[in-house]
Each structure stands twice: as C-alpha cells, then as structure tokens.
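Participant: The structure is given below, and queries will be raised subsequently.
The values are calculated or read from the model by the stated rules, or taken from the named source; none is laboratory data. On a predicted model such as this, the values are computed, not experimentally measured, just so you know. Quick reminder, even Gly has a Cβ in these numbers, built from the backbone with ideal geometry, and neighbours come from all protein chains shown.
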Amino acid sequence: MIWSTIRTTALLLCFAAVLESQQSGPPARPRGADVVEKLGNGLFRIGNIRVDTVKKEISVAGKVNDAPTLEFIAGTKGGAKKYETALELDTNAVMFNMALILIGLDKANGVPTKFHFDPTPPKGDPVDIWVEWDAKDGHHRVPAEEVVWNKETKQPLAAGQWVYTGSVVLADGQYLADMDGVLVGFVHTPAPIIDRSSFEKSAYGLLQINPNVGLLPGTAVTVTLSAVPKGRKK
C-alpha cells in the first residue's frame, strides 16, 4: 500500500509543478512547490534531487564522510549510519525513493535481503551509479564501486550489479531506509533502497574509501543514478 501511495504522491507533486508552469501571469505556488519544481522537458527537481525522466537518471549533491570502515556507499543528510557510509547526500530516503520511482524503477521487482550479510543476493531493477567531483587536477567521474577499497586485496569493490530493492516498510509503518539513513549499500542488509547483488562476508571490516581516487573527507560530490535499459548486459 505504501508503495502505491509514494508513487501517487510523486506523480501528483510533479503534475502540480507542470500545472504551475502552464499558468499565465504570476502563478500561485501550489502546495509542495518547494519540494517539486519543473525545470524543463522531462526535468524536475524533487527536494535537492534533479530528475531526468527522459534519460531516466537522477543526480544529487553531497560530500565525503570521514568513515574508517564502510557498509554503505551513500546515506541521507545526518543519517544514523553516517559513521560507516562513504557519502552523505543532501536528501532523505523518501525523496530519494520518489525520484527513483519517477525514472521507472519498480518496487514490484525488488526483493531486499532478509538480514545482515544475507548470502542470498537481493533482486530488483538494475541501476548504474556514478560519483563525480572536482579536484586540482580536474574533473573526476568514477563508478560507485571504485569508491570502495579492500585494504587487504588492494582492489576496489568486486564486480556486481546495483539493484533497486526499495528498502522495507516495518510493521509499525516506518520506512527502514529513512530510520537508518541509508540509500545505497553493499553488505546485504534490508535497509538501503539500492543494494549490491554480490558481497563476500569475508570482506567485512576491510573496506574503506578508496585512497587512490582523491576523495578526502568533506569533498563535494555529485552522485548520479540511472536505470539500466532493458536488455543491456552488464
């Protein structure tokens, strides 16, 4: 039920923004206008997230955390799991999920893992994730897996696929992704909205922010997520 509500809310807010853009004369701002804004053809802003429904991608700004050991790629602003999350994004889990729904990701295809380190891979619509930032030596853009470094193997996160599970709504109605403040994870927990298809439990405790890409704590980043076209092989 909550997924239908979230989808409907997202579409109604965007429709309100469209109506506002079509009014003649000074428009009266509809409720939710501070949350959703139409930027152009197929382009919307949901909170601080830029949504491109034509390219089927979203982007949101954030910064690098000072996290010594990682379980998550990205979390919410001020999220509870910040201490083990590489990037803090300027959004919350509800807005993030709404934006992903608008680019066509479907919770009906999502199967979150059941528990921490669940060996059964999560399932869901596939997603590509990129991290961008500017440094003295120029602009950098890397796939999200390269943000994570295994200090024992001296390799980035193993090959795999990011999938949209949608997280979990608890029996009391609370949204687990928002409670934990996690958006993109890889250690197979039910909380994040996007999880990694593959993870080896033996790597736990060995993963940190990649020291070779120049992502120092406090560095401003932009994270872009795009729906993988159907039929494309990873």
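Participant: Which residue pairs have Cβ atoms closer than 6 Å, lie 6 or more positions apart in sequence or on different chains, and pair a first residue in the range 105-130 that is under 17 Å from I73 (Cα atoms) and in contact (Cβ under 8 Å) with a residue 12 or more places away in the chain with a second residue that is assigned to a strand (DSSP E or B) and polar (S, T, N, Q)?
Facilitator: D128/S226; W130/T224
Participant: Looking only at the range 65-90, how many residues end up being under 17 Å from T222 (Cα atoms) and either surrounded by 24 or more Cβ atoms within 10 Å (Cβ to Cβ) or touching a helix residue (DSSP H, G or I) at 6+ places or on another chain (Cβ under 7 Å) (or both)?
Facilitator: 11
Participant: Let me ask something else about it. What number of residues within the range 160-189 satisfy the criterion of being farther than 19 Å from I209 by Cβ and either without any contact (Cβ under 8 Å) to a residue 24 or more places away in the chain or surrounded by fewer than 21 Cβ atoms within 10 Å (Cβ to Cβ) (or both)?
Facilitator: Result for the range 160-189: 11.
Participant: Criterion first (surrounded by 15 or more Cβ atoms within 10 Å (Cβ to Cβ) and modelled with pLDDT of 95 or more) does V94 satisfy it?
Facilitator: It is false that V94 is surrounded by 15 or more Cβ atoms within 10 Å (Cβ to Cβ) and modelled with pLDDT of 95 or more.
Participant: Moving to a separate point now. How many residues does the range 40-49 contain that are buried (at least 18 other Cβ atoms within 10 Å of the Cβ) and over 15 Å from V94 (Cβ atoms)?
Facilitator: 1
Participant: Would you tally the residues in the range 50-70 being charged (D, E, K, R) and over 21 Å from N92 (Cβ atoms)?
Facilitator: Counting residues in the range 50-70 that are charged (D, E, K, R) and over 21 Å from N92 (Cβ atoms) gives 3.
Participant: Oh, and also: If we keep just the residues of the range 132-181 that are under 26 Å from A220 (Cβ atoms) and part of a helix (DSSP H, G or I), which is farthest from the chain's Cα centre (by Cα)?
Facilitator: The residue in question is E146.
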